[in-house]
Amino acid sequence: MPATDTLLKEFEHFFQHYQDVWNGCNAEEMNAFLSKEIAIRWAGPEANISDWGYEEAKMGWEQAYQQYEGRQPKWHFKVLHITPATENEVIATFWVTFEIEGKLLDVVKLFIQRFRKEQNDWTLIREYCEHLHADSFISN
């Protein structure tokens with residue numbers, strides 16, 4: 001099996017775990033995936049742009065999970081594409097929709113995330129997110 005096939009198989013297994021942890025609402029576990037050098041850019045629907053690093057990302061997970069505590073949050077992932085970027089890095093592109101207390105919210109996010117495998121662990125090194133309203137969501 002070529003090295004890229006092995007890398008992708010390992011990543012796909014990891015990425016399912018990553019989604020499960022995301023839905024587990026444990027900020028400490030989510031923050032463990034973050035590289036100390038992470039670079040994040042989020043673009044909002046009104047052309048608002050936010051850039052974050054490691055500390056802001058950690059705080060973001062903590063605040064998000066606190067905000068939704070007790071409200072049964074669930075994130076739904078639709079993977080669009082996963083591709084190797086280097087011999088130890090993978091880029092994942094996916095949609096995320098979100099529900100609280102069983103009700104789907106009018107928010108859709110498009111993520112492009114780059115992960116690096118170091119030793120046996122995957123680390124999120126870069127993230128770009130576009131925030132859309134559900135009425136503009138294109139599912140294909």
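Just so you know, all these numbers are worked out from the coordinates, no wet-lab data involved. Quick caveat, the model's predicted, so the values are computed rather than measured. All Cβ positions, even for glycine, are placed from backbone atoms using ideal geometry, and neighbour counts span all protein chains on display.
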Result: in the chain the number of Lys pairs with C-alpha under 16 Å apart, spaced 8 or more or on different chains, is 6
Summing -39500 (n - 2.57) over every DSSP H run of at least 4 residues in the chain and dividing by its residue count gives a helix-only mean residue ellipticity at 222 nm, to the nearest 500 deg cm²/dmol, of -9500 deg cm²/dmol
Rounded to the nearest 10 degrees, the helix 3-23 long axis (Cα) sits at an angle to the longest Cα principal axis of the chain of 30
Computed over the chain: longest principal axis from alpha-carbon atoms vs helix 54-68 long axis, angle to nearest 10 degrees, is 40
So GLN16 and HIS133, fully extended at 0.36 nm per residue minus their Cα-Cα distance, gain in nm 39.6 nm
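What's the whole-number percent of alpha carbon pairs in the chain lying beyond 21 angstrom?
44
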Between GLU101 and GLU29, the two model label points (7 Å from Cα along the beta-carbon direction) sit apart by a distance in nm of 2.5
